[in-house]
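J.: Here it is, the structure, as structure tokens.
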Amino acid sequence: MEVALILLAAGKGTRMQSDLPKVLHAVAHAPLLEHAMASGAALSPARTVVVAGHGADQVRTAVQAFDDEAQVVVQEEQLGTAHAVGQAREALAGFDGTAIVLYGDTPFVQTETLENMCAALETNDVVVLGFDAADPARYGRLVMQGDSLDRIVEYKDATDQERAITLCNSGVVACKSDLLFDLIDAVGNDNASEEYYLTDIIGIARERGLKATAVTCDEAETMGVNSRVDLAAADAAFQSRARAAMLEDGITLMAPETVYFARDTYIGRDTVIEPNVVFGPGVTIESGATIRAFSHLEGCHVARGGVIGPYARLRPGAELSEDVRIGNFVEVKNAQIAEGAKVNHLSYIGDATIGAKANIGAGTITCNYDGVMKHHTHIGANAFIGSNTMLVAPVHIGDGAMTGSGSVITSDVEADALALARAHQVEKPGMARKLLEMLKAKKAKQQRGS
Ligand code: UD1
Ligand code: MG
């Protein structure tokens with residue numbers, strides 16, 4: 001059965017105290033909404049519809065950056081969760097499979113849980129995701145009758161007896177798409193909030209003799225974000241799960257609690273991560289690499305055997321081949337560095353290609369920006385760039401070429417040549433001593449005069 005996702009993301013999120021729509025606040029460098037979309041995306045949905053409202057334009061931009069086939073529909077007024085789902089009706093016209101409703105502010109529902117719901121749908125008409133709440137607070141309560149879900153009652157509308165139920169509604173619902181919209185048509189807003197509750201579809205389905213049930217998951221999966229405190233807690237929860245998963249997959253984390261991962265960080269086995277490393281979005285690291293302490297990586301690729309840091313910064317477009325070394329206080333941006341090349345100390349490499357086994361001396365800078373445009377530097381294989389070389393781009397250093405320390409290289413250097421671009425050394429015998437004596441005499445005269 002084909003699947004379509006409906007993500008509810010119209011809410012304002014007042015308690016975030018923010019100009020940014022709530023679902024765009026980030027956990028592990030990715031918007032909450034992206035986490036929710038990613039767990040659904042693993043089901044290969046035929047269609048994905050995001051129901052936006054507050055900040056809809058910003059939400060659309062973020063959605064399309066993650067999945068350019070996802071549709072964004074706008075719910076102008078937030079009249080309740082059933083009304084929100086109703087906005088997806090046109091986008092799902094002609095779709096004949098299962099619709100799954102997810103919340104954009106609930107990032108951690110696992111793909112496996114959604115698969116369990118789809119399986120339960122084979123013998124039911126509507127399946128709701130429930131969880132046993134440690135503190136049921138204001139969640140909707142699931143009223144079960146044996147294995148069947150009889151109805152859902154919202155906290156505000158519940159009796160004391162119903163409030164005593166600890167099995168709560170996560171908000172995630174799976175139902176055949178056409179049936180879902182049929183049931184929504186029958187939902188009214190005669191309740192304590194005067195909202196169109198999605199939860200009412202269960203009672204309506206049961207009245208029609210249809211079958212409903214609840215699948216349950218761990219409470220951690222249904223964690224929602226309503227405030228900055230929740231956001232920080234969600235990030236902490238994500239990080240501890242990510243660290244545990246990395247350790248499980250054969251990655252050494254010397255001080256796991258000090259390493260910060262992004263949602264999409266990928267690391268191969270036998271890689272060692274030293275303390276205090278930060279991963280931004282879009283990092284892939286192959287097996288057997290070492291990321292030394294206090295390094296910051298984003299949008300980059302490190303191949304097998306690379307040694308990065310300590311105190312290195314890899315920025316977007318840094319592509320490092322096998323056994324590359326990037327040392328302390330080195331920044332690399334938009335640069336391809338070939339096998340075995342070394343940039344070990346205090347350098348900036350931006351908009352560049354570096355050939356295999358080249359050695360870049362301490363303090364080398366690719367001067368890539370002229371104030372208006374960016375220019376490319378090419379350094380050939382086996383080249384040796386002397387310490388404190390300024391490579392004024394665009395510039396091409398041939399294979400096996402050398403530059404003298406302190407050179408400012410403004411023209412191309414052919415293969416195997418040595419380029420020196422610095423003033424000649426001049427030596428004046430005895431001059432240091434004479435100069436010192438002269439200065440001392442001057443100071444003594446000043447002191448006598450004052
Ligand atoms: C909802 C459920 C409740 C459940 C709880 C779990 C209903 C009626 N109640 O309550 O049973 O225990 O979630 O967190 O469904 N939204 C829209 N448009 C709207 C209304 C809501 O997009 O018109 C979005 C919100 O942005 C949010 C989600 O739907 O992401 C849930 O809405 P919210 O108002 O938080 O519902 P709750 O009262 O928490
Ligand atoms: Mg809520």
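J.: Rank Tyr197, Asn116, Thr159 by how far each Cα sits towards the positive end of the charge dipole of the range 90-212 (+1 on Lys, Arg Cβ; -1 on Asp, Glu Cβ) and give me just the farthest.
T.: The residue sitting farthest along the positive end of the dipole is Thr159.
J.: Suppose a student asked you for the relative contact order of the range 350-437, using Cα pairs under 8 Å spaced at least 6 residues apart; what percent would you report?
T.: About 22 percent, as a whole number.
J.: Antiparallel versus total DSSP beta bridges in the range 3-222: what percent is that, nearest 5?
T.: Bridges in the range 3-222 that DSSP calls antiparallel: roughly 45 percent.
J.: Which value in nm describes the separation of the simple spin-label points at Asp132 and Val229, placed 7 Å from the Cα toward the beta carbon?
T.: Distance between the two pseudo-spin positions: 2.6 nm.
J.: Could you please report the charge total around Ala289, scoring K, R as +1 and D, E as -1 over all other residues with beta-carbon less than 12 angstrom from its beta-carbon?
T.: In short, -1.
J.: Across the range 75-87, in residue order, what do the Karplus-derived ³J(HN,Hα) couplings come to in whole Hz, using 6.51 cos²θ - 1.76 cosθ + 1.60 with θ = phi - 60° and x for Gly and Pro?
T.: Once θ is set to phi - 60°, the couplings for the range 75-87 become 9, 5, 10, 8, 9, x, 5, 5, 4, 4, 4, x, 5 Hz.
J.: Work out how much length Leu247 to Arg15 would gain on full extension: take 0.36 nm times their residue separation and subtract the Cα-Cα distance, in nm to one decimal.
T.: Extra length from Leu247 to Arg15 when fully extended: 80.0 nm.
J.: Using only the alpha-carbon atoms, what does the range 124-192 span along each of its principal axes? Please give whole angstrom values in decreasing order.
T.: 35, 27, 19
J.: HN-Hα J couplings of the range 104-115 from phi, Karplus 6.51/-1.76/1.60, θ = phi - 60°, integer Hz, Gly and Pro as x?
T.: x, 9, 10, x, 10, 5, 7, 4, 4, 5, 5, 5
J.: Shifting gears a bit: Hey, how many Å between the Cα centroid of the range 1-51 and the Cα centroid of the range 258-308?
T.: 27
J.: Treat each spin label as a single point 7 Å out from the Cα along the C-beta direction, and report the Ser411 to Lys440 distance in nm.
T.: Reported label-point gap for Ser411 and Lys440 is 4.7 nm.
J.: Could I ask something else about it? Straight-line reach from Lys22: which lysines have Cα under 22 Å away, leaving out those fewer than 8 places along the same chain?
T.: Leaving aside lysines fewer than 8 places away in the same chain, those within reach of Lys22 are Lys12.
J.: Would you mind calculating the relative contact order of the chain from Cα pairs under 8 angstrom and at least 6 residues apart, reporting the percent as a whole number? Let's see the in-between values first.
T.: Working: 1138 pairs, mean separation 38.9, N = 450.
Relative contact order comes out at 9 percent.
J.: Let me ask something additional. How do the peptides 347-356, 257-266 rank, highest first, by the average count of neighbouring beta carbon atoms within 10 Å per residue?
T.: 347-356, 257-266
J.: So which aspartates and glutamates can Lys211 reach, going by Cα to Cα under 13 Å and dropping same-chain residues fewer than 8 places off?
T.: Cα-Cα hits under 13 Å: Glu122, Asp125, Asp147, Asp150.
J.: Reported to two decimal places, what Rg/Rh ratio describes the range 3-222 when computed on Cα atoms with Rh from the Kirkwood expression?
T.: With Rg and the Kirkwood Rh in hand, the quotient comes to 0.94.
J.: Right, something else. Which FRET efficiency value, to the nearest 0.05, do you get for Ala164 and Glu219 by plugging their Cβ-Cβ distance into 1/(1 + (r/R0)^6) with R0 = 22 Å? All intermediate terms of the calculation are to be shown ahead of the outcome.
T.: Numbers: r = 18 Å, r/R0 = 0.80.
After rounding, the FRET efficiency stands at 0.80.
J.: Between Ala358, Gly188, Phe384, whose Cα lies farthest towards the positive end of the dipole of the chain when Lys and Arg beta carbons carry +1 and Asp and Glu beta carbons carry -1, centred on the Cα centre?
T.: Phe384
J.: Taking the beta-carbon count within 10 Å as an exposure proxy, list Cys118, Cys175 from fewest neighbours to most.
T.: Ordered by Cβ neighbours within 10 Å, fewest first: Cys118, Cys175.
J.: Continuing with the same structure: Using the per-residue mean of other Cβ atoms lying within 10 Å as a proxy for protection, in what order, highest first, do the peptides 100-109, 437-446 fall?
T.: 100-109, 437-446
J.: A further question follows. Can you sort Leu79, Leu8 so the residue with the fewest Cβ neighbours within 10 Å comes first? Walk me through the numbers on the way to the answer.
T.: On the way: Leu79 17, Leu8 28.
If I rank by nearby Cβ atoms, fewest first, I get Leu79, Leu8.
J.: Can you tell me the dipole magnitude for the chain around its Cα centre, using point charges on the Cβ only (Lys, Arg +1; Asp, Glu -1), in Debye to the nearest 20? If you can, show how the numbers build up before the last one.
T.: Working: 38 positive and 58 negative charges, 779 e Å.
Here the chain has a charge dipole of around 3740 debye.
J.: Taking neighbour counts of Cβ atoms within 10 Å as a proxy for exposure, in what order, fewest first, do Glu221, Glu207 appear?
T.: Glu207, Glu221
J.: To continue, here is another question. Would you kindly derive the ³J(HN,Hα) couplings of the range 354-367 from the backbone phi angles with the Karplus curve 6.51 cos²θ - 1.76 cosθ + 1.60 (θ = phi - 60°), listing them in order in whole Hz, with x for Gly and Pro?
T.: My calculation for the range 354-367 gives 10, x, 4, 6, 5, 10, 9, x, 4, x, 5, 10, 8, 7 Hz in order.
J.: If you count the DSSP beta bridges with both ends in the chain, what percent of them are antiparallel, to the nearest 5?
T.: The answer is about 20 percent antiparallel.
J.: Right, next: Need the list of lysines near Lys333 for cross-linking: C-alpha distance under 18 angstrom, and skip anything on the same chain fewer than eight residues off.
T.: Output for Lys333: Lys342, Lys374.
J.: Spin-label point model (7 Å from Cα, Cβ direction): what's the Asp157 to Ala237 distance in nm?
T.: 2.6
J.: While we're on this one: At 4 °C and 1.567 mPa s, what whole-number value in µm²/s does Stokes-Einstein give for the translational diffusion of the chain, with Rh from the Kirkwood sum over Cα pairs?
T.: 50
J.: Given the range 283-365, report the % of alpha carbon pairs whose separation exceeds 14 Å. Mind dumping the intermediate values first?
T.: Details: 1814 of 3403 pairs.
Beyond 14 Å sits 53 percent of the P(r) for the range 283-365.
J.: Find out how many positive minus negative residues lie around Leu253, taking Lys and Arg as positive, Asp and Glu as negative, among other residues whose Cβ is under 15 Å from that of Leu253.
T.: Value of the local net charge: -1.
J.: Still on this structure, I have one more. Determine the sum of side-chain charges near Asn191: Lys and Arg each +1, Asp and Glu each -1, restricted to other residues whose C-beta is under 15 angstrom from that of Asn191.
T.: -3
J.: Along the charge dipole of the range 392-450, pointing to its positive end and built from +1/-1 on Cβ of Lys, Arg, Asp and Glu, which listed residue (Pro429, Ala393, Gln446) has its Cα farthest out?
T.: Result: Gln446, furthest along the dipole toward the positive end.
J.: Can you give me the long-range amide H partners of Met144? Hydrogens built in the peptide plane at 1.01 Å from N, cutoff under 5 Å, separation of 5 or more residues or another chain.
T.: The answer is Asp150.
J.: Restricting to DSSP H runs of at least four residues, report the calculated mean residue ellipticity at 222 nm for the chain, -39500 (n - 2.57) per run over all residues, nearest 500 deg cm²/dmol.
T.: -6500 deg cm²/dmol
Every read-out reported here was derived from the displayed coordinates using simple, explicitly stated rules and does not represent laboratory data. As the structure is a prediction and not an experimental result, all values here were calculated from the model. Backbone-built Cβ (ideal geometry, glycine too); neighbour counts: all protein chains shown.
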